[in-house]
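Participant: Got a structure here, written out as structure tokens. Questions coming.
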Amino acid sequence: MIGVISKDCEIDAVKEFFELFKTHWEPFVRNQDYELVITTTGEVPAGLNARLVAVYGSRSFKIDHQLGLEVQTTSQGGRLEYDGTEFPLYGAKSTFQDTGTSFLLDKDAGEVVGCEVRKPEACFVRVGYDLFQEISVLLSKGQPPEYASTPTTEMHISILRSIMTRAGLPFVEVLPAPSGYDFVACLTHDVDFVGIREHKFDWTMLGFLYRALVVSFVMAVKGTLSWSRCWTNWQAAFSLPLVFVGLKDDFWLEFDRYMEIEKGLGSTFFFIPFKDEPGTLRSSPAPKRRAAKYDLGAIKGEIAELLGNGCEVGLHGVDAWQDSEKAKRERDRICEVTGQAEVGVRMHWLYFDEESPSALEGAGLRYDSTLGYNDAVGFRAGTAQVFGIPSTKGLLELPLCIQDTALFYPDRMNLSESDAMASCRHLIRQVAKYGGVLTLNWHTRSLSPERLWREFYERLINEMHASQVWFCTAGQAVNWFQSRRALRFESSPLVGQGLCVVSDIYAETLPQFCIRVYQPASLPLRESGFVDIPWNGQTELTFPRTQHSEA
Ligand SMILES: [Zn+2]
């Protein structure tokens with residue numbers, strides 16, 4: 001077990017950290033035996049019974065003198081390098097003299113930020129920043145777009161995990177992906193438009209004509225768009241009068257095409273609750289073009305068909321982010337149209353501020369999936385795992401990872417399709433390595449002229465199929481992580497003070513957990529140093545103490 005000595009202000013971050021790195025821990029108790037004690041206060045109690053002590057913090061502590069270490073420099077933020085991978089640091093950082101046992105370096109200065117010191121009573125690890133302050137910043141403020149592609153929160157978990165495995169500590173972890181899967185994927189769609197017919201002679205239509213006729217032509221001349229796609233856009237533009245009078249299908253109406261592409265993968269559609277309401281940006285009105293032109297009442301048939309096909313319908317919130325009352329009104333509208341009792345939300349244009357989580361939670365929304373970027377793709381909170389938003393009682397965030405408009409819009413990342421695929425492949429590799437949910441947002445209208453992002457989207461889904469992926473709705477992904485959060489570790493007298501994993505929520509319909517046992521006592525050890533056990537949570541799972549920890 002891990003015992004944690006932290007500052008009072010860090011306790012929420014500590015708790016959340018151990019929901020993401022799901023292993024047996026408790027706030028430090030005197031006279032208790034631990035495999036590992038983590039301290040961020042510098043306090044290392046006398047007579048400590050632990051095999052390993054990890055001291056995190058940027059200040060110079062008394063224990064540093066006992067370990068023969070000296071803080072050399074202290075600075076704010078910067079880039080670190082661990083095992084060949086670079087990641088950012090957001091708080092204060094200290095470096096130490098080279099002891100020859102360093103495992104973590106300052107990327108720019110090459111100085112030591114993390115090292116090991118062996119003492120007869122225990123092995124010590126000294127890291128020159130505060131782990132839980134970093135986690136707190138990552139989960140609340142998030143990372144700037146330039147570090148979007150780095151799963152920084154997962155790097156912190158990874159570093160601690162390898163500190164434990166290097167020391168040969170026995171421990172049990174519940175992995176952040178179901179047993180037999182590399183990761184979870186949620187295909188989601190923000191429904192900003194359900195057809196171009198509603199946009200007769202407005203700015204959306206004029207913008208479409210300009211991009212379809214002029215921008216496409218310029219791009220084709222420059223060689224950044226094929227002539228065949230340019231021609232497709234031109235044909236669509238010239239067919240517009242026929243679409244308006246009803247002689248041709250509305251090419252922006254895409255629900256059927258999404259169902260054909262996704263073939264029962266269980267996608268999630270976020271709908272705007274009210275027609276012609278652009279909402280407000282705090283006290284000033286939001287731009288008029290933020291308003292949806294469709295009315296939910298007129299597309300009840302389409303919504304019923306989506307639900308019948310195993311899709312989920314959520315709220316694409318307009319004002320929900322700034323006010324609980326407004327959030328409740330928007331949520332109720334979705335419930336009324338769908339007959340659902342539970343609704344998740346993603347905000348239109350990703351409007352969000354520090355008060356949004358409590359507004360959404362106050363309105364009884366099931367989860368949020370707004371935290372991502374408009375102008376980047378990747379890991380805003382440094383993780384793809386569903387996490388508990390700090391400052392709420394338990395509102396869960398399904399972080400948004402890849403957004404079509406972020407990849408392709410000229411004023412955003414403006415990537416070519418090959419560069420966009422390279423970015424997405426990198427993110428797929430990261431999620432396959434660290435677990436979590438790859439959440440995509442492909443807007444309804446993105447398959448059609450003038451965007452024509454269907455082929456890319458299909459290739460992206462194929463790319464994901466190369467891994468073992470559990471495709472599910474946003475709500476199912478949140479439910480799986482919710483039941484993982486509900487798992488508890490207990491010391492069990494039945495197996496000689498060994499460990500017992502208990503689940504209070506047993507959901508037969510969800511995939512099994514993967515319980516990873518490091519240095520197992522009763523199971524044959526693999527070369528990797530761990531054994532994986534699939535577990536459905538129905539009955540308790542017990543592990544005897546290892547010989548190591550008995551010694
Ligand atoms: Zn939107």
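Participant: Say whether the condition of being of a type in the set (G, A, S) and either surrounded by 20 or more Cβ atoms within 10 Å (Cβ to Cβ) or part of a loop (DSSP other than H, G, I, E, B) (or both) is met by at least one residue in segment 200-210.
Facilitator: no
Participant: Take the residues of segment 431-463 that are within 16 Å of the ligand (Cβ to nearest atom) and among the basic types (K, R): which is nearest to L398 (Cα to Cα)?
Facilitator: Out of the qualifying residues, it is R445.
Participant: Filtering segment 71-91 down to residues that are farther than 27 Å from R429 by Cα and either among the basic types (K, R) or in contact with a helix residue (DSSP H, G or I) (Cβ under 7 Å, 6 or more places away or on another chain) (or both), which residue is modelled with the highest pLDDT?
Facilitator: G91
Participant: Still on this structure, I have one more. Scan (1) touching a Cys at 6+ places or on another chain (Cβ under 7 Å); (2) under 30 Å from L510 (Cβ atoms); (3) more than 16 Å from the ligand (Cβ to nearest atom) for the single condition A220 breaks and write down its number.
Facilitator: For A220, the exception is condition (2).
Participant: Okay, moving on. Return the only residue of R118, R30, R79 being in contact with a Leu (Cβ under 8 Å, 6 or more places away or on another chain) and not small (G, A, S).
Facilitator: Result of the check over R118, R30, R79: R79.
Participant: Return yes or no: is T85 within 26 Å of the chain's Cα centre (by Cα), within 24 Å of P151 (Cβ to Cβ) and surrounded by 19 or more Cβ atoms within 10 Å (Cβ to Cβ)?
Facilitator: In short, no.
Participant: Being of a type in the set (S, T, N, Q), touching a residue at least 12 places away in the same chain (Cβ under 8 Å) and in the same structural domain as T473 (by TED's automatic domain parsing) is the requirement here; does S283 meet it?
Facilitator: No, not satisfied.
The values are calculated or read from the model by the stated rules, or taken from the named source; none is laboratory data. Model, not experiment: these values are computed from the prediction. Here the Cβ is made from the backbone with ideal geometry for all residues, glycine too, and neighbour counts use every protein chain on show.
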